[in-house]
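Just below is one structure, and these are the notes that go with it.
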Amino acid sequence: MLSSLYKKQTAQKPTLLHDTYFNDLRRKEYSRLCQQQHTYLDFTGGNLYAQSQLDEHQSLLRNNVLGNPHSGNPSSLLATQLVQEARDKVLTFFNASEDYQCVFTQNASGALKIVGECYPHNKDSYLLMLADNHNSVHGMREYCSKQDGSYSYAPLNYEDLMISDQDLEESLQQHAYKKNKLFTYPAQSNVSGVKHDLEWINKAQSNGWDVCLDAAAYVPSSPLDLKKYQPEFVAVSFYKIFGYPTGLGCLLIKKSAFHKLEKKWFAGGTVQYASVSNPFYFLADDYERFENGTISYLDIPAVTIGLNYISKIGMQRINERITSMTKYLYQSLKDICYNDGSRFIHLFGPSCRETTGGTIIMNFFNPDGALISVYDVEEKANLMNISLRSGCFCNPGIDELNNRITNDGIENEFYTSDNSNRKDLVRKLKNMRGATRVSVGIATTQKDLDYYVEFVKSVRAEFS
């Protein structure tokens, strides 16, 4: 019955591009998914590594002696060489070799933290953010406000989770009297998949703003050319692009803006000279300034391997594949309703998926219109060996907008509650908010998408 129904529907769905290529890639590089009958739909949470990446990296470790780069012995020199190769590869991948410094960090959050703590926030500064930002960006406001700086948010539209160009233009034309202005936004939302316009970088800069681009969700499936667009700061997590290793990201700093980041302390590896007898020090004048202590020199060579793997597939091919899968899944889900025609599913964000990444968020409702708990949905998905994500995804702005939540009174409740009552309040808030997020990637096949659609229909049947 399901198979015959599916055949009738497929004729109206978009065709998946490069299907043969990626099906072969799945069998060769991600066979563990088939072996475990696992439907993995959390690529925005973390990409999957290919078998060849592991093999190449393990071979490198097995056949070489690598030591701490902060030395001049043979093992140190080899590690230094491999780290530099990875740094150069990152800059080449983003077409940034001439104009940027590459600072290795623990993740994109670590990169954003450097910008937050080192940007010259004061009474003559201003920080502009989008409501659609990851918490690692929202946290910048704390550095800003604690140093007497001012900040604000550009709002989102409820209908499509996008921002009006006119509203943003007005925001960027304000605060002309401020000396240091920082505009930070995601190239792609980690929740809705909406790609925010990269032309905003040029608009902001023409109005005197520095730009910090959170590219973590964007670069796994879209090319970023830092010759064409040149934000002052770019944050990236490598496991989002190619899965392995975790615990590595980078901050790309435009050389002309390097002096803007005022580091307020020093650590091992970050100084040219430091003294105990006299309280002075001289910071390194390149990427080493921000790489505190010993970098992850055994893992960093895997970045070269991962970027080579992605380059071999081709970012344009990946982008076309992700777009076609997202359109296919959206079309398959959008008209699922109860037998009487009442609403079962609500898909957030734009109905046109041409300019979004591979992420779709949704909520499910029972026949009387009440929200089905996203955590109940996740538990049901777990039973079918589907990996998806539930919650607000460290993006409270979108979650508050989607669920029409205001924080009036909540702050006082948190401050006046003891620990047990505060936990009850957190549970109460979790039941009021959240969504289900599915995201596709390199290893996704049509079979995965169809299996998820069948899962959604099984949830509907349970509540019918």
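The values are calculated or read from the model by the stated rules, or taken from the named source; none is laboratory data. As the structure is a computational prediction, the values presented were derived from the model and not from experiment. We place every Cβ from the backbone using ideal geometry, glycine too, and count neighbours over all the protein chains shown. Calculation scope for accessible area: heavy atoms of the full protein, side chains included, ligands and nucleic acids excluded. Shrake-Rupley method; radii C 1.70, N 1.55, O 1.52, S 1.80 Å.
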Exercise. Residues with amide H under 5 Å of D42's amide H, sequence separation 5 or more or different chain, H placed in the peptide plane at 1.01 Å from N; which?
Worked result: S439
Exercise. What part of the accessible area of segment 65-223, given as a whole %, is carbon or sulfur when the probe is 1.4 angstrom?
Worked result: 47
Seminar exercise, completed: For the pair S145 and H38, the simple spin-label estimate (label points 7 Å beyond Cα toward Cβ) gives in nm 4.0
Exercise. Residue-wise, which Karplus ³J(HN,Hα) couplings in Hz belong to segment 187-198, taking 6.51 cos²θ - 1.76 cosθ + 1.60, θ = phi - 60°, and x for glycine or proline?
Worked result: 4, 9, 5, 6, 10, 7, x, 4, 8, 7, 4, 5
Seminar exercise, completed: Sorted by chain and number, the residues with a modelled amide H under 5 Å from that of G243, at a separation of 5 or more or across chains, are N47
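By average Cβ neighbour count within 10 Å, what is the ranking of 263-271, 381-389 from highest down?
Details: 263-271: 13.6, 381-389: 15.9.
The densest-packed peptide leads the list: 381-389, 263-271.
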Problem set entry | Cut-off under 5 Å, modelled amide H: who pairs with Y218 long-range | Q188
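Starting from the alpha-carbon convex hull of the chain, give the projected area averaged over all orientations, in nm².
Averaging across all directions leaves 26.0 nm² for the Cα convex hull.
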Exercise. Which one of H121, T20, A79 is farthest out on the positive end of the charge dipole of segment 7-142, using unit charges on Cβ (Lys, Arg +1; Asp, Glu -1) and the Cα centre as origin?
Worked result: T20
Exercise. Could you give me the ³J(HN,Hα) list for segment 235-248, computed from phi with Karplus coefficients 6.51, -1.76, 1.60 and θ = phi - 60°, whole Hz, x at Gly and Pro?
Worked result: 10, 9, 10, 6, 5, 5, 8, 9, x, 9, x, 7, x, 9
Problem set entry | Length released on extending from E462 to T15, taking residue separation times 0.36 nm less the Cα-Cα span | 157.9 nm
Seminar exercise, completed: Diffing segment 263-280: the Karplus 3J(HN,Hα) column from phi (6.51, -1.76, 1.60, θ = phi - 60°), in whole Hz with x for Gly and Pro, holds 6, 9, 7, 9, 8, x, x, 9, 10, 7, 7, 9, 10, 9, 5, 10, x, 9
Exercise. Stretch L54-A267 to full length: gain in nm at 0.36 nm per residue minus the Cα-Cα span?
Worked result: 73.5 nm
Seminar exercise, completed: Per the 1/(1 + (r/R0)^6) rule, R0 = 30 Å and r from the Cβ atoms of K334 and T92, FRET efficiency to 0.05 is 0.15
Problem set entry | Extension gain, N73 back to A274 (0.36 nm per residue minus Cα-Cα distance, nm) | 70.1 nm
